[in-house]
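> What follows is a structure written as structure tokens; I'll ask about it next.
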Number of protein chains: 2
Amino acid sequence: MNETAKLEPDSPSNREEGRAFSPRFGADGLVTCVTIDAARRDVLMVGHMNEAALRATLATGTVHYWSRSRGALWRKGDTSGQTQTLVEMRVDCDQDAFLAFVNVGGDGGACHTGRRSCFYRKVETDGGATRLAFIEPSTTNG
Amino acid sequence: MNETAKLEPDSPSNREEGRAFSPRFGADGLVTCVTIDAARRDVLMVGHMNEAALRATLATGTVHYWSRSRGALWRKGDTSGQTQTLVEMRVDCDQDAFLAFVNVGGDGGACHTGRRSCFYRKVETDGGATRLAFIEPSTTNG
């Protein structure tokens with residue numbers, strides 16, 4: 001038995017150590033996408049992709065998501081102008097999470113609140129209380 | 001009616017613009033956690049937290065996840081030594097995704113394959129074919 005024959009197409013070892021692209025969609029049909037500003041290298045947002053969104057992203061070079069709230073394929077930027085041009089797509093060991101490094105169009109933001117990043121607050125615990133604190137815009141960078 | 005009275009506790013505006021910590025767990029009881037090396041500022045892994053894991057993380061300062069494959073609460077590092085000490089926790093606009101900035105114990109890695117980051121491959125498309133390519137260790141940094 002040679003080395004290749006030992007690897008089942010969907011075995012963990014092949015999925016983790018191979019070059020075959022075999023994204024593992026969850027029970028909800030989705031994978032997680034962490035989207036990163038390619039220039040500033042900080043996290044802009046976390047989204048979800050179904051197979052159609054992932055394929056459209058790779059085929060067009062423009063990031064598509066699956067909107068869980070609207071139940072629809074969503075080409076980011078269609079209404080906001082905040083398009084995301086894919087620079088590089090990375091995948092994790094078990095192929096159920098992706099990092100999309102992007103150049104952002106429009107005003108350069110990704111968050112529907114008008115901020116550049118969706119991660120504009122941090123969690124603070126003080127005694128038993130847990131509260132959020134807003135991060136200064138200049139330090140939202142990962 | 002004053003400004004405060006306009007905000008329902010779980011309204012989108014309060015969730016997005018307030019200081020109340022009200023994590024929104026999905027139908028599966030989980031939120032997404034993107035874990036970032038606090039010193040190098042790159043993404044190490046993507047994990048999931050149920051309410052118990054999130055609370056344990058904030059209470060102890062050591063990152064806990066919910067293992068979907070094992071169906072169990074999981075204190076990262078218990079077997080590998082790759083503990084993750086929380087430096088800062090950020091939350092996104094709708095409070096269903098978190099960024100955990102961590103200092104990593106043990107060998108400094110996060111991936112069960114032995115690599116520092118789980119994102120050690122990138123997706124390449126060539127004609128109609130989609131394949132993965134390994135990233136050099138020195139460039140796995142986000």
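The values are calculated or read from the model by the stated rules, or taken from the named source; none is laboratory data. Note that the coordinates shown come from a computational prediction; the quantities given were computed from them, not determined experimentally. Note that we place each Cβ from the backbone using ideal geometry, even for glycine, and neighbour counts take in every protein chain shown.
> Going through region A:49-68 one residue at a time, which ones are among the hydroxyl-bearing types (Ser, Thr, Tyr) and within 15 Å of residue A:21 (Cβ to Cβ)?
A:57
> Would you mind stating whether residue A:20 is surrounded by fewer than 19 Cβ atoms within 10 Å (Cβ to Cβ), at pLDDT 95 or above and under 30 Å from residue A:107 (Cβ atoms)?
no
> So, in region A:50-72, of the ones that are in contact (Cβ under 8 Å) with a residue 24 or more places away in the chain, surrounded by 23 or more Cβ atoms within 10 Å (Cβ to Cβ) and in contact with a helix residue (DSSP H, G or I) (Cβ under 7 Å, 6 or more places away or on another chain), which residue ends up nearest to residue B:124 (Cα to Cα)?
A:63
> Can you pull out the residues in region A:51-82 that are over 14 Å from the mean Cα position of the chain (by Cα) and β-branched (Val, Ile, Thr)?
A:60, A:79
> Being crowded, with 16+ Cβ neighbours inside 10 Å, outside any loop (DSSP other than H, G, I, E, B) and facing another protein chain (nearest Cβ under 8 Å) is the requirement here; does residue B:102 meet it?
no
> Of all residues in region B:40-83, which are in contact with a Gly (Cβ under 6 Å, 6 or more places away or on another chain) and within 11 Å of chain A (Cβ to nearest Cβ)?
Result: B:41, B:42, B:43.
> A follow-up question, please. Counting only residues that are more than 8 Å from chain B (Cβ to nearest Cβ) and over 19 Å from residue B:41 (Cα atoms), how many does region A:116-126 have?
Adding up the residues that qualify gives 2.
> Looking at this structure, is residue A:130 β-branched (Val, Ile, Thr), surrounded by 14 or more Cβ atoms within 10 Å (Cβ to Cβ) and not in a strand (DSSP E or B)?
Answer is no for this residue.
> Moving on to the next point. Tell me, please, whether a residue that is surrounded by fewer than 21 Cβ atoms within 10 Å (Cβ to Cβ), β-branched (Val, Ile, Thr) and touching a strand residue (DSSP E or B) at 6+ places or on another chain (Cβ under 7 Å) can be found in region A:111-125.
No, the conditions are met nowhere in region A:111-125.
> Among the residues of region A:23-69, how many are within 25 Å of residue B:41 (Cα to Cα) and assigned to a loop (DSSP other than H, G, I, E, B)?
6
> Yes or no: region A:73-84 includes at least one residue that is touching a residue at least 12 places away in the same chain (Cβ under 8 Å) and part of a helix (DSSP H, G or I).
Checked against the condition, which is being touching a residue at least 12 places away in the same chain (Cβ under 8 Å) and part of a helix (DSSP H, G or I), region A:73-84 yields no hits at all.
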